[in-house]
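A quick write-up on the structure given underneath.
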Amino acid sequence: MTQELAIEAKALVKQFDGFRAVDGVDLAVPAGAIYGVLGPNGAGKTTTLRMLLGIIDPDSGERKVLGNRQPLRAANRIGYLPEERGLYPTMQAREAIAFMGALRGLKLGEARERADRLLAEHGLAEAARKPIRTLSKGMAQTVQILGTIVHQPRLIVLDEPFSGLDAINQERLEVMIRAQVDTGATVLFSTHVIAHAERLCERIAIIVGGRVRFEGSVAEARGRLQAQVTLVTRRTEGGWRAALPADARCENGAWIFPLPENGIEPLLARLIEGEAGIEALSIERPGLHDAFVEIVGEAAAQGIRKEPEPE
Amino acid sequence: MLANLRAALVIARRDYVATVWSRAFILFLLGPLIPILFGMTFGTVGSKMSAPSAPPTIVILASDSEAQALQGVRRRISTILGDEGVPRIEIRPGGNPAHILENDEAAAVVTGLPDRPVLRGVPEVVSRHAALIEWMLSDARRDRALDKAGIVTRPIALKQDFIAAPRHSEQNDRSTLARAGQLLLLFLTMILTGMLLSNMMEEKSSKVIEILAAAVPVDAIFMGKLIAMLGMSLTGIAIWASAAAAALLAFVPVSALEMIAPAVGWPMFIMLSTIYFMASYLLVGALYLGIGAQAGTVREVQTLSMPLTFGQLIVFGFAASAVDQTNGPASIAASLFPWSSPYAMIARAAQQPEIWPHLLAIAWQAATVAMIIRVGANLFRRSVLKSGGAGFWRKLIGRSSRAA
């Protein structure tokens, strides 16, 4: 059975003054998933999201968002938090949320009711009638996030949602994202902080130099790298050393090498047989961070893309 | 289409409320007071500068009977010439002329009455006022003679009968009204387009524009902004008009207003002026908004808006130069050129009574407004979110940048 897709993008290209910001991006975001778009700064994440939302049109390629080739036609079912937060400083918090709801098709009265309810649920009832400029940065950001979900969208697109938030608010946002997915919404977010993606995402795309360098599950990304074995022995010499892989290296009295393809058990048997005197042995699975660094490094080694010609 | 209109109205409502409830709107309302205050201040200074110094005092040494006749003549002359043109006359029964002049009690002294009067004083006063003093003394002598002869003259009551102002005078009044209407139109359009640009810059700098663009088509944002400013300006105009009407009713007689009535009549003139203001604002505002969207900073906005401001002034000058030749080629050209058409037609409404040219002009302006809005919206759409890309104007001034 084919999985329903909330977003489908094929070969998206966007060029600014001879510079290919996005260079053939393919994405397939399953409905109901939390999907992460990862990449270093300037990788083309924001431009990709803007194209998916219909804020800008691609130079070439196709996109389908919630079944619409024209994303703005589905705008009332989409919530968007841009990277650079934007709120009118003189507007009251409830009015700001209601305004964003009204933009997405809610009637103003209903949008205000929902705004009051959301603010109360998030402990900001007292801030409801305060102008945005008087709120703390964290509170203002929460107001903006509430404005993103006030119309109960089926697709929520968050561009670097965790930037500028303290640890407590980051945690709250993670909870909020999971809660939205529990209601059946799809969440697509971009980040360059890998830990959030590792905790939240079922699938990720890593974009480097305007191209998708990896697309798959977090486990698949981590699986690209071999686990690392760290071995500490009492004896430094002996026949057991011949059992170590050829690429093993000694650092601060510990042997470090990739986990052999046939597993650790045959090696362990030979170490015991050779009386190496195993003091400590650990197998460390690589994290998403390591996979990300590896993928970005590979892209850099290949020469990411040509810089624009000076005009 | 309906969804776009709804979205435009949501944006317009937000912008309208935010603007009308701001300090900027109070300043906007007070805007017309600035030229009035300037006018009053410089008018007062000017009149003070041009006002003659206090009239000199001339002492007339005369007997009681002569003095009485002289006072009567003095009053008559003041009625005709006003006090400012006449020296202050002080009549004394006697005194030493040299002493009076030395002590600066008077600029001149008349002695030798009744038969050999002499006006003695500084040359400037003597030469300037000799004829007047002669006239006073002659009249006083005649009055005394009539008095002595027992002849009593009865004042003649003159009936006043007003006729309508001659045609050339009415034309002058209407020409003045036409120019005033054009000036007001220019003033309002310039203020509003400036406010429109500031509003958009605020939006770009607060990054709200991206949220709007993700939710509604850029055309709806563009229309919403135009509608909001138009609503705001019509609110301002309604407030100004009410204040002006109250002031006129309180201080200016209705007959005076009737005497300077525009050719199409006041109600039609006010209605046409409002329509032409809307057309002028939309024509210039759409262009400002479209070109202003190319700018990334306030400085760029200033750089880009300067040629547009000059353009507005040139267009205004073109229409103003055709005021006195309403059916001449210049006037027709000004009526046809989209940006000068509202100025030319407001002048025509003041000077010519026909309505049909206005119906044609309104239809033409509506078509050009629709076209210019389309062009402005396209420019706006292409540029407003290009925080990373360099548009035509930015290229022109040598900027470039990268995508996010």
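Read the figures in this text as sums done on the coordinates, not as results from a lab. Quantities reported herein were computed from a predicted structural model and do not represent experimental measurements. All Cβ positions, even for glycine, are placed from backbone atoms using ideal geometry, and neighbour counts span all protein chains on display.
Normalising by the residue count of segment B:57-162, find the relative contact order in percent from Cα pairs under 8 Å and 6+ residues apart.
On the way: 109 pairs, mean separation 33.7, N = 106.
Dividing the mean separation by the residue count of segment B:57-162 yields 32 percent.
With the Cα gyration tensor of segment A:70-211 giving a ≥ b ≥ c as the square roots of its eigenvalues, does the rule (a/c under 1.5 for rounded; else a/b larger than b/c for prolate; else oblate) give rounded, prolate or oblate?
Here segment A:70-211 falls in the prolate category.
Considering only C-alpha atoms, what is the centroid distance from segment B:349-377 to segment A:86-109, in Å?
36 Å
What ³J(HN,Hα) values, in whole Hz, does the Karplus curve 6.51 cos²θ - 1.76 cosθ + 1.60 give for segment B:5-21 when θ = phi - 60°, with x put for Gly and Pro?
5, 4, 5, 4, 6, 4, 5, 4, 4, 4, 5, 4, 4, 4, 6, 5, 8
Who wins for biggest fluctuation among A:Thr230, A:Thr148, A:Thr48 in a Gaussian network model of chain A, springs between alpha carbons below 10 Å?
A:Thr230
Rounded to the nearest 5, what is the percent of antiparallel bridges among the DSSP beta bridges in segment B:57-162?
Details: 4 of 12 bridges.
Roughly 35 percent of the DSSP beta bridges within segment B:57-162 come out antiparallel.
Any chance you could tell me what percent of the C-alpha pair distances in the protein assembly as shown go past 46 Å? Don't skip to the end; give the middle numbers.
Values: 126907 of 255255 pairs.
Every Cα pair in the protein assembly as shown considered, those over 46 Å come to 50 percent.
Which of A:Lys14, A:Lys64, A:Lys137 moves the most in a Gaussian network model of chain A with Cα springs under 10 Å?
Among A:Lys14, A:Lys64, A:Lys137, the largest mean-square fluctuation in the Gaussian network model of chain A belongs to A:Lys137.
Given only helices, namely DSSP H runs of n ≥ 4 each adding -39500 (n - 2.57), what is the per-residue ellipticity at 222 nm of the protein assembly as shown, to the nearest 500 deg cm²/dmol?
On the way: 25 runs with 386 residues, N = 715.
Result for the protein assembly as shown: -18000 deg cm²/dmol, rounded to the nearest 500.
Just round it to a whole percent: the fraction of Cα-Cα distances in chain A exceeding 28 Å. Working shown, then result.
On the way: 24568 of 48205 pairs.
Considering chain A, 51 percent of its Cα-Cα pairs are separated by more than 28 Å.
How large is ³J(HN,Hα), in whole Hz, for each residue of segment A:115-128 in order, when computed from phi with the Karplus curve 6.51 cos²θ - 1.76 cosθ + 1.60 and θ = phi - 60°, using x for Gly and Pro?
Using θ = phi - 60°, the values come out as 4, 4, 5, 5, 4, 5, 4, 9, x, 10, 4, 5, 8, 3 Hz.
For segment A:28-44, what does the Karplus curve 6.51 cos²θ - 1.76 cosθ + 1.60, with θ = phi - 60°, yield as ³J(HN,Hα) per residue in whole Hz, taken in order and with x for Gly and Pro?
9, 9, x, 5, x, 9, 9, 10, x, 10, 10, x, x, 4, x, 6, x
Could you work out the relative contact order of segment A:147-276, using alpha carbon pairs under 8 angstrom and six or more residues apart, expressed as a whole percent?
On the way: 121 pairs, mean separation 22.3, N = 130.
Worked out over segment A:147-276, it gives 17 percent.
Past 27 Å, Cα to Cα, is the threshold; run A:Lys10/B:Lys225; A:Lys130/B:Lys225; A:Lys45/A:Lys107 against it and keep the listed order. Before the final figure, lay out the partial values.
Values: A:Lys10/B:Lys225 35 Å; A:Lys130/B:Lys225 25 Å; A:Lys45/A:Lys107 33 Å.
Table pairs above 27 Å Cα-Cα are A:Lys10/B:Lys225; A:Lys45/A:Lys107.
In whole Å, how far is the Cα centre of segment B:187-242 from that of segment A:126-172?
26 Å
For B:Glu90, list long-range residues whose amide hydrogen, built 1.01 Å from N in the peptide plane, is under 5 Å from its own amide hydrogen.
B:Ile58, B:Val59, B:Ile60
Can you tell me how segment B:57-162 classifies by the Cα gyration tensor, rounded, prolate or oblate, using a/c under 1.5 as the rounded cut? Mind dumping the intermediate values first?
Details: a/c = 2.58, a/b = 1.49, b/c = 1.73.
Because a/c hits 1.5 or more and a/b fails to exceed b/c, segment B:57-162 counts as oblate.
Take peptides B:340-348, B:13-21, B:274-282 and line them up by average Cβ neighbours within 10 Å, highest first, as a rough protection proxy.
Ranked from most to least packed, the peptides come out as B:340-348, B:274-282, B:13-21.
Calculate, in nm to one decimal, what A:Ala280 and A:Arg178 gain on full extension: separation in residues at 0.36 nm each, minus their alpha carbon distance.
Details: separation 102, 0.36 × 102 = 36.72 nm, distance 3.88 nm.
The A:Ala280-A:Arg178 span can extend by a further 32.8 nm.
Sort out for me the Cα centre separation of segment A:18-39 from segment A:253-293, rounded to whole Å.
Taking the Cα centre of segment A:253-293 as reference, the centre of segment A:18-39 is 36 Å away.
Could you give the length gained by full extension between B:Thr274 and B:His99, i.e. 0.36 nm per residue of separation minus their alpha carbon distance, to one decimal place?
On the way: separation 175, 0.36 × 175 = 63.00 nm, distance 7.02 nm.
Stretched fully, the B:Thr274-B:His99 segment lengthens by 56.0 nm.
Amide H of A:Arg213: which non-local residues (sequence gap of 5 or more, or other chain) have their own amide H closer than 5 Å, using H built in the peptide plane?
A:Ile206, A:Ile207, A:Val208
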